[in-house]
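Report on one structure; see the data block that follows.
The values are calculated or read from the model by the stated rules, or taken from the named source; none is laboratory data. Everything numeric in this text was worked out from a predicted model, so none of it was measured. When we count neighbours, we look across all protein chains shown, and the Cβ atoms used for this are built from the backbone with ideal geometry, even at glycine. Keep in mind that these areas ignore ligands, DNA and RNA; they rest on the heavy atoms of the full protein, side chains included. Shrake-Rupley method; radii C 1.70, N 1.55, O 1.52, S 1.80 Å.
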Amino acid sequence: RKKLWSVRIGFKFLAFVRRSSQPCRFATMQSLCATRVARAPVASHVCASRHPLGNHRRSWQPTGPVPTPSGYVRFMDVERSTGTLVQSRATASGVSNPAPVINAAAVSPKTLKVGSYVVGWYVFNIVFNILNKSCLNVFPAPWFLATFQLCASATFMVAMWMTGIQRRPQVSKELLLALIPVAFWHTVGHVSACVAFSQVAVSFTHVVKSAEPVLSVILSQVLLKEVYPVYVWASLVPIVAGCSLAAVNEVSFAWSGFNNAMISNLGMVMRNIYSKKYLDQFKSLDGINLFALLSIISVFITLPAALFVEGFKGGVYQWGAMADAATASLGGDFVMFMRLIVGSGVFYHLYNQFSYMVLGQGISPVSFSVANVLKRVSVVVSSIIFFANPVSPLNWAGSIMALLGTGLYSAAKQKANDEKKNAPEFVPTTDPLEEFCESDPSADECRVYED
């Protein structure tokens, strides 16, 4: 009996050790185990431990579903969005924090698609600016070139609609009437930018065009009654200071080019304001189709104006003589001259289409704004290298300050928009006496209330 009693005591001691190493063993510890399972991203059956003294194991399974917050990854889950494998390892004490094993070679197809679109957007924009400026150097007809580029975009989009590559938009009379003022300001912004490119360097024009947020904040508050916080206004200071520094020692500086670049900013800001004002009800119209319709309408606005301002300036046809002079400056190579014109139109449409394709991937406005700033930086640097424009250190400092200020403004505006969305809705309260007086103005209480 003494031996049997000692054996029983030994088994009880082993059982105590086992209970100590498995806190989720018994029903009295179910709440603790549920807490651990909810905190650690592992499956519920992992809440068990191997006995340190042998292979015999017992595990407690919860009788009901264990609450697992959304956002945690369970044991051996595969994140399909990124293609990475996540595993969770258990320690001798039970459960532990997950140990992610990430396959660095696996890249999301969406990431590759967005990256390829951004690269195409950058490359096509750089090529467009180089071809556009090269063409304007030998053929200083910015109105003709702007009209041709709009015609190229319209032709591209009509071909895409006819072949079924792009979904054809549903155009109504109301939509056309709403698009006319937007297309007018789109025309103003595009034509004045081409005129500015013909008068000053590409790099300086893009630095001035980075001041577009300044006009956007001012005109949005005046026309749309949008009130921005102080930090949004403060983010405009480096933009203004950078543009001022960039213009101090600019070799190609000309007031006409600076003014046309600012008019381009005005046109693009007014285009965005009128789009927000008149096109919010047309939710089915996507970005690339909107750009196509604006290009088509802008052709009918730009062509008569181009013929009047430039084509028949002084009552004499000018474009023919200008084309002959351009061909002569290229050594009589008419094919090269046509390549410059056609190339500027093709790459104008391609870089705009790729920008809308990037937006169509659902990236955040801040990410797109940062990408746009980097795009402008790449255009400025590439144009300086290609055309060998002399740039002083002060010009470099001003250009960098203005471009970084544009990114700072984008982040500040996005923060203001998020605060506006998350702000509690204000519900105005009404005075009961005021409601009573509206129903019976002749009452004595209402006379006292009015006094």
In segment 222-240, anything open to solvent by less than 40 Å² (accessible area, probe 1.4 Å) and small (Gly, Ala, Ser) is listed as 235
Checklist entry - Is it true that residue 253 is within 27 Å of the chain's Cα centre (by Cα) and among the hydrophobic types (A, V, I, L, M, F, W, C)? => result no
Out of (1) modelled with pLDDT under 90; (2) over 23 Å from the mean Cα position of the chain (by Cα), the one residue 147 does not meet is (1)
Only unsatisfied item for residue 304, checking (1) closer than 29 Å to residue 122 by Cβ; (2) open to solvent by 40 Å² or more (accessible area, probe 1.4 Å), is (1)
(request) Using the structure shown, decide if residue 356 is modelled with pLDDT under 90 and closer than 30 Å to residue 158 by Cβ. (result) yes
It is to be established whether one or more residues within segment 189-206 are free of Cβ contacts under 8 Å to residues at least 40 places away in the same chain and surrounded by fewer than 24 Cβ atoms within 10 Å (Cβ to Cβ). no
Every listed condition ((1) in contact with a Gly (Cβ under 7 Å, 6 or more places away or on another chain); (2) open to solvent by less than 30 Å² (accessible area, probe 1.4 Å)) holds for residue 245 save (2)
Those residues of segment 126-144 which are within 23 Å of residue 312 (Cα to Cα) and hydrophobic (A, V, I, L, M, F, W, C) amount to 135, 136, 138, 139, 141, 143, 144
Scanning segment 352-376 for residues that are open to solvent by less than 50 Å² (accessible area, probe 1.4 Å) and either more than 10 Å from the chain's Cα centre (by Cα) or aromatic (Phe, Trp, Tyr) (or both) gives 352, 353, 354, 368, 373, 375, 376
Of (1) surrounded by 15 or more Cβ atoms within 10 Å (Cβ to Cβ); (2) within 30 Å of residue 110 (Cβ to Cβ), residue 310 fails just (2)
Matching residues in segment 102-120 (among the aliphatic types (A, V, I, L, M) and either modelled with pLDDT of 85 or more or assigned to a helix (DSSP H, G or I) (or both)) number 4
Of the residues in segment 319-351, those that are open to solvent by 60 Å² or more (accessible area, probe 1.4 Å) and either within 28 Å of residue 292 (Cβ to Cβ) or of a type in the set (S, T, N, Q) (or both) number 4
- Determine, yes or no, whether residue 217 is in contact with an Asp or Glu (Cβ under 9 Å, 6 or more places away or on another chain) and open to solvent by less than 40 Å² (accessible area, probe 1.4 Å). yes
Here the qualifying pairs (Cβ atoms under 7 Å; residues six or more apart or on different chains; first in segment 168-184 and modelled with pLDDT under 90; second open to solvent by 90 Å² or more (accessible area, probe 1.4 Å)) come out as 170/284
Expected single match for at pLDDT below 85, touching a Ser or Thr at 6+ places or on another chain (Cβ under 9 Å), small (Gly, Ala, Ser) and under 17 Å from residue 376 (Cβ atoms) among 201, 261, 211 is 211
